[in-house]
Amino acid sequence: MLVNEKSYQTVWMEGTSVFMIQQNLLPFKFKIHECKSYMDTCIAIHDMIVRGAGAIGAAAGFAMAQAFLMSEDRLKAVSIREARQDIENTRPTAKNLFYAVDRVYRAGLISPENALVEAQKVAVKDAADSKKIGEFGSSLINKKANILTHCNAGWLAFVDYGTALAPVYLAKRQGKDVFVYVDETRPRGQGAKLTAWELQNDGVPHLIIPDNAAASLMAQKK
């Protein structure tokens, strides 16, 4: 997605470093965070610098690749198993993390380079799946529609495009009149801080509401 006229993914890898949008600074500051080791990436997942099932999965896959790329050969078997355990213990709130780690771990047993290739495949698939959700989902949105969101399922929560918001972004590009009610999402405020930031960045009209106002809006058929 575009930020300040530049295209970004939520998380990506260059060399042996993992880069990610520092989400815990949004919406007040946009900054890229660099993780130079697999443990740095673990900390970023644990501390919610990166959030969202898909983005966490991709970051975990990249962390597993980092561990393979940076492990010493004589300690490889032990250190890789320990690294896998460290990654899986970071913030295991969704299946994406374990799925990505397992794929990259199995690939890395062949070679560290193979681990990196597999981690990139995980990230590419996450973005491609999200794009498909946007294409299918936009067909369900009428020419004029009000939509309610909870938490953040936009592109920040995945590598790119997002899930729940992907159809909204595409519908807007198709010329549809879309308005979004954004649940603040207590206690972390992912809706108020992240979803609203995304929508504002993309020029989608929206309004942040308290979580407990959602039922009233539904009752009024808004």
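The values are calculated or read from the model by the stated rules, or taken from the named source; none is laboratory data. If you're wondering where the values come from, they're calculated on a predicted model, not measured in any experiment. When we count neighbours, we look across all protein chains shown, and the Cβ atoms used for this are built from the backbone with ideal geometry, even at glycine.
For the reader, a short list of remarks on this structure follows.
- Restricting segment 1-47 to residues that are among the small types (Gly, Ala, Ser) and not in a strand (DSSP E or B), the residue that is modelled with the highest pLDDT: Ala44
- Leu69 falls short on exactly one of the conditions (1) over 15 Å from Val159 (Cα atoms); (2) surrounded by fewer than 16 Cβ atoms within 10 Å (Cβ to Cβ); (3) not β-branched (Val, Ile, Thr), and that condition is (2).
- Tally, over segment 10-49, of residues that are touching a His at 6+ places or on another chain (Cβ under 7 Å) and among the small types (Gly, Ala, Ser): 1
- Single unsatisfied condition, Val78 versus (1) at pLDDT below 95; (2) surrounded by 13 or more Cβ atoms within 10 Å (Cβ to Cβ); (3) assigned to a helix (DSSP H, G or I): (2)
- Any hit, segment 157-168, residues being outside any helix (DSSP H, G or I), out of contact with any Leu (no Cβ under 7 Å at 6 or more places or on another chain) and surrounded by fewer than 23 Cβ atoms within 10 Å (Cβ to Cβ): yes
- Residue within segment 202-212 that is more than 21 Å from Phe30 (Cα to Cα), modelled with pLDDT of 95 or more and surrounded by 15 or more Cβ atoms within 10 Å (Cβ to Cβ) present: yes
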